[in-house]
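**Q** Let me begin by handing over the structure; questions about it come next.
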Amino acid sequence: MEKLKKSLTSFLVPVLSVLLAFLIGAIIMVALGANPGKAMASLFKGAFGTTAAIGTTLNKATPLIFTALCACFAYKCGVYNLGGEGQFLFGATMGFVVVHCLKLTGIVGIIVCILVGAIAGGIWGMIPGILKITRGLNEMIISIMLNYVATLFMGVIYTSWIRDTNMPQTPAVDTSLMLSKVIPSMRFTWSFILAVVVGLVMYYCLYWTSSGFKLRAVGLNMTASRFNGFPVKRYILLSFIISGAIAGMGGAADLLGTQYRLINGYGNGYGFDGVAMALIGQLHPIATVIVAIFFAALRVGSTSMQVATGVPTSVSDIIQALVIVFSVAGLALTKLPEFEALRLRLFHKNAKEGK
Amino acid sequence: MSMDVISSIVLAAVRMAVPLLLIAMAELWSERAGMVNIGLEGLAAVGALAGFMLTFYTGNTWAGILAGAVAGILVNLIYAYATVSLCANHTVYGMAINLLAPALASFIYRVSFGTGGGLNQIELMKGVAIPVLKDIPFLGDLLFNQTPMVYLAFALVLFTNIYFRKTKSGLNFKSVGEHPKAAATLGINVIGIKYLSCVICGALAGIGGAYLTTCYSTTYTEGIVSGRGFIALAAVIFGRWNGTGVMGACLFFGLCDALQIRLQVSSLGVPYQFFQMIPYLATVVVLAIIGSKKAGPKANGLPYRKEER
Amino acid sequence: MEELMRMEHISKRFGNFYANKDVNLTVYRGEVLTLLGENGAGKSTLMNILIGLYQPTEGKIYLNGKEERIDSPGQAVKLGIGMVHQHFMLVEAQTVFDNIILGDKRSKGIFINRAARRKEILELSERYGLDVELDAKITEISVGAQQRVEILKALYHGAELLILDEPTAALTDIEVEGLFAIMNKLKSEGKSVIFISHKMREVLHISDRITILRAGEVITTVNCSETDGQKLANLMIGRELTKSQYEKKEVSGEPVVKLEDVRYNETNKHNGLAGVSMEIRPGEIVGIAGVDGNGQTQLAQLITGVIGPEKGHVHLAGSKVSTFDPFDFIESGVAHVPEDRNLQGLIGDMSIADNLVLKSTETDQFSHGKGLFLKKKDINSYAEELVQKYDIRCTSIDQAVRSLSGGNQQKVILAREIESEPDLLVVVHPTRGLDIGATRFVHDQMIAARERGVGILLISADFDEVLEMSDRILVIFEGQFMGEFSGKNPPIQEISLAMTGK
């Protein structure tokens, strides 16, 4: 009963936030002279209307799932990893460099690429972790700075070191490395399956193992965790490394799944988007995966919306941003004592009337 | 290196430092009241757009600067309400602002100017040369032949120092970030000061963004703030929450930026991105050296509730 | 005598609980009125009403005969009420001067006129013998000096009525003498003081009148010259100190824990240990009596491995401890009911069930493969069982512990720690903030654990509790033990004297 009530609140807040965000989105559409009903319909049709559309949505969701899970895992341990983008790109870059230079092909190449990506991402995530536990540094600033460094490093690769012809981009990975489609008629590839599997494994680790249990405890109350004998610093560092590894693996997987080459603008915004999705998903891995798919759908659908009704795609960016603005504020609201008192009063009143 | 080169690097450093300084001062005022705002990047983005648009339509850069301030304030009031009144986590809400504000800015830009199309440009704010002084060799151009915004930014540092050190209201303001309960027992309006700090922060960050479009780049592009909002956070830590210190930190980061541009031009062979990394790596290295334990306002980032129990 | 302040029929209700009920209190000019009462008697709530932090549910406040509404701390300051809180309200990073003039509304102008303010402050400081270093930072001065800053601050803001909340709790004897001199000076200058304390000797020494609070109500007000410590203690507690109902034991056997000349943060009288030796044997309760903040916190954290000693040794079950880590101590059979249950004992946002198995998720009972797969069904049925056994009042085991009452939270910790079948149980302030029923329950559980042969260290600021529970009593003062007493017919006078360092 208690569990149900709790999950009802935590379910209601994001749903209401989404509705509210769409309401404002609709108002904007009206202001732009579009028919919001038609626009929304084309948006949903564009995202889920055909099997091809669904496949595109899932592919679009894949990198977001990885960065969202990356943010989610770190938050679960009580630290802010805002470096998902850097870890994602560093993983993609190193994965690409290794398979390209060693000329690896086939299944071996795929496995090596993804492993290298995970390791590279883990290392990139470890840096702010180490600086936090040894020097007490603010992990947010460090991880953001490393985002820029990783982006620039990728730039070095595609503009100078492994450049393809005249374009500022690398050549594509070997065709034997490109991940195949899961269902031939649909566009999504095995990288999406990998993303979902990572989400499921993370759910299992966090909620069904002792280590995950302790990690969550550390995230919720570090002092009590120390008093109860948990190695707090080790968990913090570990959470940075694993969180970075998830993003890095995502970078490599997305590279082989849909991206194929390093190019200007790749990965831009994935990190912060991931943080937003993890927060809307209330740090639950499976909810986070669903939120990421929802966001991807908004993005894919907004293109059809623009074509069909002339409403610019950036309306969907605003809707996405409003969802996070409302849901975070809404969750804070439900934690206020005043709100709790109000809830009790209403609940009490209902109970009385029930009698 | 010749004097000319050094002079031009220093000149560039000051120019690069100014927007950063404005944004960092925004954070300084915010954190002095205990409000950690990592949404600066977003605030600066709306400021940049508002500054660009107003200047574009009115032809007056000052109108643009003012619009930047207003836009920054409006967006930051969302942050203020959520964190002060709803006690939402500062960091999380700052992130939300970082997502909302740029989305809003690029939406408004696209609606106003359409996608693609020609480049829309504005005329930058004119420099104001201070007579006589500008003719001092070497220093003249550097110090006395800049846009008024540059002078204002440095005047702001002076004002901040005087306000927090010499005035009664500055003392009250600071105490809210240090020990809000103590401030409250002396009848200081803690909630009011927290809101005020958010208004000031929004205005300054918005102006910092508007500076980018009205005094620096002639046009608005997405991602124009390019991490300045985050480097500003580091500058506040580096500058030890002190006006002069923050100014020093911003000049240092400005110098890194100026140097990297100069190096990009001069050294062929090495990929230019390595030079572009300099300001970001410098931030990491500087922070790692100074550490950040037990520094800054004591109640920084903590929620404040009136009656506990 | 001229009346300065009068509270009439003040009540304050939190939910269904009356923190204050129909309180009448009068303070005259130039007197020291003591508020005497146990923890939770409602002293703090009453004072928080007086300084405008809380609004009374009912009742009126008069100042100089005029009814006033004190709706904010600022209003209280304006009306000449100043309070020195037990935990000082000082901005540590700022100077003494800045702290004193903070929130100044008396002087005009935008800028701080340092010279003029300095002169005013120095005049005040001279008049009342409040010696302070104006340019020092708060962190650089002693606790006693910080207190003088607080008093000076209140006077600077125009206080006529000064509330001192347990001002001697953190002071050395010499500093206490200094404080009393200041209080006498305040009196002679016509200021009034409300003094909150439970140190009988001091109360009798400095007060003019004494008002006794118990369970939120005023019991009586007596003139200091017409009473003595025993009478006051009886009034405060509401009964003669009762003989313990639990049987006291004397045990022999290998000690489960032994401390040898342990030192930690020695120079700090309030947060350190200066050469402590003791042992606890299986099947006994060793009680530590003492005023809060004499090293109890450090003693508890040391015996549970949270901190390590700077000098001296700790032996657990006969072997010397080399690394101090709570994990190793837990493995060696040490259980801990910590001082701050929300901060240190519980993960507030986790469920009751989760908190009950917090330390044991790796055991075969609750998981397959040493923690690889949690047996949630087993965890839940175990939790249900403990909720029954320990009478934890909750709607469900999935409820977050944060939402439980203090007493039930304490039962969760107690259940977890006792069920871990420890050899040594360290309990700190186990019944703080608990009602009588819950207190009784906690005590019974401790006795039951003792009967099973658990060695128990009981640290409590509640003297009664220590007397009632302990088989042996050690008195701690400024990080040292002042003596050991048998729990059977303990010499109460002697122990209370030892608690004050004599």
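The values are calculated or read from the model by the stated rules, or taken from the named source; none is laboratory data. The model shown is predicted, which means the values in this text are computed figures rather than measured ones. We place every Cβ from the backbone using ideal geometry, glycine too, and count neighbours over all the protein chains shown.
**Q** Go through the residues of the stretch A:174-195 one by one and say whether even a single one is closer than 28 Å to residue B:230 by Cβ and modelled with pLDDT of 95 or more. Break it down stepwise before answering.
**A** Initial filter on the stretch A:174-195 (closer than 28 Å to residue B:230 by Cβ): A:195.
If we keep only those that are modelled with pLDDT of 95 or more as well, we get A:195.
Yes, that holds for at least one residue.
**Q** Further question: If the requirement is being within 30 Å of residue B:264 (Cβ to Cβ), at pLDDT 95 or above and either touching a Leu at 6+ places or on another chain (Cβ under 9 Å) or surrounded by fewer than 23 Cβ atoms within 10 Å (Cβ to Cβ) (or both), which of these qualifies: A:117, A:155?
**A** Values: A:155 fails: at pLDDT 95 or above.
Result of the check over A:117, A:155: A:117.
**Q** Ok, one more. What helices (runs of 4 or more DSSP H) lie completely within the stretch A:157-261 and have 2 or more residues being away from chain C (no Cβ under 14 Å), touching a Gly at 6+ places or on another chain (Cβ under 6 Å) and of a type outside the set (A, V, I, L, M)?
**A** The helices (runs of 4 or more DSSP H) meeting that bar are A:232-254.
**Q** Determine which member of the set C:438, C:383, C:449 is part of a helix (DSSP H, G or I) and within 18 Å of residue C:330 (Cβ to Cβ). Show your work before the answer.
**A** Values: C:438 fails: within 18 Å of residue C:330 (Cβ to Cβ); C:383 fails: within 18 Å of residue C:330 (Cβ to Cβ).
Checking each option against the conditions leaves just C:449.
**Q** Show the residue pairs meeting these rules: Cβ distance below 7 Å; 6+ apart or different chains; first residue within the stretch C:150-162 and of a type in the set (Asp, Glu); second residue in a loop (DSSP other than H, G, I, E, B) and surrounded by fewer than 22 Cβ atoms within 10 Å (Cβ to Cβ).
**A** If the second residue must be in a loop (DSSP other than H, G, I, E, B) and surrounded by fewer than 22 Cβ atoms within 10 Å (Cβ to Cβ), the pairs left are C:150/C:88; C:160/C:80.
**Q** Among the residues of the stretch B:170-183, which ones are within 7 Å of chain C (Cβ to nearest Cβ) and out of contact with any Leu (no Cβ under 8 Å at 6 or more places or on another chain)?
**A** Result: B:178, B:181.
**Q** Next question, about the same structure. Could you please let me know if residue C:134 is in contact with a strand residue (DSSP E or B) (Cβ under 9 Å, 6 or more places away or on another chain) and more than 17 Å from residue C:50 (Cα to Cα)? So that I can check it myself, show each step before the final result.
**A** Values: in contact with a strand residue (DSSP E or B) (Cβ under 9 Å, 6 or more places away or on another chain): yes; more than 17 Å from residue C:50 (Cα to Cα): yes.
The answer is yes for residue C:134.
**Q** Against the condition at pLDDT below 85 and either in a helix (DSSP H, G or I) or within 13 Å of chain A (Cβ to nearest Cβ) (or both), how does residue B:212 come out, does it pass? Give the steps one after another, and end with the answer.
**A** On the way: at pLDDT below 85: no; either in a helix (DSSP H, G or I) or within 13 Å of chain A (Cβ to nearest Cβ) (or both): yes.
Here the answer is no, as residue B:212 does not meet what is asked.
**Q** Would you pick out the residues in the stretch C:147-180 that are within 12 Å of another protein chain (Cβ to nearest Cβ) and part of a helix (DSSP H, G or I)?
**A** C:149, C:150, C:153, C:154, C:156
**Q** Does residue C:392 count as of a type in the set (A, V, I, L, M, F, W, C), part of a loop (DSSP other than H, G, I, E, B) and under 23 Å from residue C:407 (Cα atoms)? Lay out the reasoning, then the answer.
**A** Values: of a type in the set (A, V, I, L, M, F, W, C): yes; part of a loop (DSSP other than H, G, I, E, B): yes; under 23 Å from residue C:407 (Cα atoms): yes.
Yes, satisfied.
**Q** Within the stretch C:388-446, can you find the residues that are buried (at least 21 other Cβ atoms within 10 Å of the Cβ) and on the phi > 0 side of the Ramachandran plot?
**A** C:429
**Q** Does any residue of the stretch C:341-363 turn out to be more than 10 Å from chain A (Cβ to nearest Cβ), more than 30 Å from residue C:461 (Cα to Cα), of a type in the set (D, E, K, R) and surrounded by fewer than 23 Cβ atoms within 10 Å (Cβ to Cβ)?
**A** Among the residues of the stretch C:341-363, not one is more than 10 Å from chain A (Cβ to nearest Cβ), more than 30 Å from residue C:461 (Cα to Cα), of a type in the set (D, E, K, R) and surrounded by fewer than 23 Cβ atoms within 10 Å (Cβ to Cβ), which makes the answer no.
**Q** May I pose another question? Pull out all pairs, ordered by first then second residue, where Cβ-Cβ is under 9 Å, the residues are six or more apart or on different chains, the first lies in the stretch C:373-390 and is more than 13 Å from chain A (Cβ to nearest Cβ) and more than 18 Å from residue C:359 (Cβ to Cβ), and the second is aliphatic (A, V, I, L, M) and not in a helix (DSSP H, G or I).
**A** Pairs found: C:384/C:397.
**Q** Taking the options C:83, C:5, name whichever one is facing chain B (nearest Cβ under 10 Å), buried (at least 16 other Cβ atoms within 10 Å of the Cβ) and within 26 Å of residue C:235 (Cβ to Cβ).
**A** Working: C:5 fails: facing chain B (nearest Cβ under 10 Å).
Going through C:83, C:5 in turn, just one is facing chain B (nearest Cβ under 10 Å), buried (at least 16 other Cβ atoms within 10 Å of the Cβ) and within 26 Å of residue C:235 (Cβ to Cβ): C:83.
**Q** Out of (1) surrounded by fewer than 17 Cβ atoms within 10 Å (Cβ to Cβ); (2) in contact (Cβ under 8 Å) with a residue 40 or more places away in the chain, what's the single condition that is false for residue A:197?
**A** It fails just one condition, (2).
**Q** Sort out which residues of the stretch B:13-64 are of a type in the set (Val, Ile, Thr), in a helix (DSSP H, G or I) and crowded, with 24+ Cβ neighbours inside 10 Å, and write them in order of number.
**A** Kept after step one, since they are of a type in the set (Val, Ile, Thr), are these residues of the stretch B:13-64: B:14, B:18, B:23, B:36, B:38, B:46, B:55, B:58, B:61.
Remaining after also requiring in a helix (DSSP H, G or I): B:14, B:18, B:23, B:46, B:55, B:58, B:61.
Hits for the stretch B:13-64 are B:18, B:23, B:46, B:55, B:61.
**Q** Is there any pair linking a residue in the stretch A:74-91 that is over 11 Å from residue A:140 (Cα atoms) to one that is in a helix (DSSP H, G or I) and among the charged types (D, E, K, R), with Cβ under 7 Å and at least six apart or on different chains, and which?
**A** A:76/A:216
**Q** Identify, please: which residue in the stretch B:244-285 is among the hydroxyl-bearing types (Ser, Thr, Tyr) and not in a loop (DSSP other than H, G, I, E, B) and is, among those, farthest from residue B:22 (Cα to Cα)?
**A** At the first step, the residues of the stretch B:244-285 found to be among the hydroxyl-bearing types (Ser, Thr, Tyr) are B:244, B:266-267, B:272, B:280, B:283.
Imposing the further condition that a residue be not in a loop (DSSP other than H, G, I, E, B) reduces the set to B:244, B:266, B:272, B:280, B:283.
Numbers: B:244: 13, B:266: 30, B:272: 27, B:280: 18, B:283: 18 Å.
Top of the filtered list is B:266.
**Q** Within the set of pairs 6+ apart or on separate chains, which have a first residue in the stretch A:325-344 that is within 26 Å of residue B:75 (Cα to Cα), a second that is surrounded by fewer than 19 Cβ atoms within 10 Å (Cβ to Cβ) and of a type in the set (Val, Ile, Thr), and C-beta atoms under 8 Å apart?
**A** Listed by first residue and then by second, the contacts come to A:334/A:9.
**Q** Report, by residue number, each residue of the stretch B:156-168 that is within 9 Å of another protein chain (Cβ to nearest Cβ) and over 15 Å from residue C:94 (Cβ atoms).
**A** Correct list: B:162 only.
**Q** Here is a further query. If you check C:76, C:136, C:93, which single one turns out to be aliphatic (A, V, I, L, M) and more than 10 Å from chain B (Cβ to nearest Cβ)? Spell out the reasoning first.
**A** Numbers: C:76 fails: more than 10 Å from chain B (Cβ to nearest Cβ); C:93 fails: more than 10 Å from chain B (Cβ to nearest Cβ).
Matching residue, one of C:76, C:136, C:93: C:136.
**Q** Among residues belonging to the stretch C:302-340 that are within 13 Å of chain A (Cβ to nearest Cβ) and of a type in the set (Ser, Thr, Tyr), point out the one that is nearest to the chain's Cα centre (by Cα).
**A** Across the stretch C:302-340, the extreme among qualifying residues is C:304.
A quick yes/no check of all residues on (1) in a helix (DSSP H, G or I); (2) more than 14 Å from the chain's Cα centre (by Cα):
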residue: B:157; (1), (2): yes, no
residue: B:162; (1), (2): yes, yes
residue: B:169; (1), (2): yes, yes
residue: B:173; (1), (2): yes, yes
residue: B:195; (1), (2): yes, yes
residue: B:202; (1), (2): yes, no
residue: B:221; (1), (2): no, yes
residue: B:236; (1), (2): yes, no
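**Q** Quick check on residue B:46: is it modelled with pLDDT of 95 or more and away from chain A (no Cβ under 14 Å)?
**A** Details: modelled with pLDDT of 95 or more: yes; away from chain A (no Cβ under 14 Å): no.
So residue B:46 fails the test.
**Q** Next question. Tell me which residues, restricted to the stretch C:219-240, are modelled with pLDDT of 85 or more, surrounded by 12 or more Cβ atoms within 10 Å (Cβ to Cβ) and not aliphatic (A, V, I, L, M).
**A** Step one: of the stretch C:219-240, the residues modelled with pLDDT of 85 or more are C:219-227.
Of the ones still in play, those that are also surrounded by 12 or more Cβ atoms within 10 Å (Cβ to Cβ) are C:219, C:221-222, C:224, C:227.
Residues satisfying the conditions are C:221, C:224, C:227.
**Q** While we're here: Could you grab me the full set of residues in the stretch A:104-163 that are under 17 Å from residue A:274 (Cβ atoms) and not small (Gly, Ala, Ser)? Let's see the steps before the verdict.
**A** Step one: filter the stretch A:104-163 for residues under 17 Å from residue A:274 (Cβ atoms), giving A:117-118, A:121-122, A:124-125, A:128, A:139-140, A:143-144, A:146-148, A:150-151.
Result: A:124, A:128, A:139, A:140, A:144, A:146, A:147, A:148, A:151.
Condition check ((1) assigned to a helix (DSSP H, G or I); (2) assigned by TED's automatic domain parsing to the domain that holds residue C:166) across all residues:
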site: C:190; (1), (2): no, yes
site: C:198; (1), (2): no, yes
site: C:221; (1), (2): no, yes
site: C:231; (1), (2): yes, yes
site: C:248; (1), (2): no, no
site: C:263; (1), (2): no, no
site: C:268; (1), (2): no, no
site: C:279; (1), (2): no, no
site: C:287; (1), (2): no, no
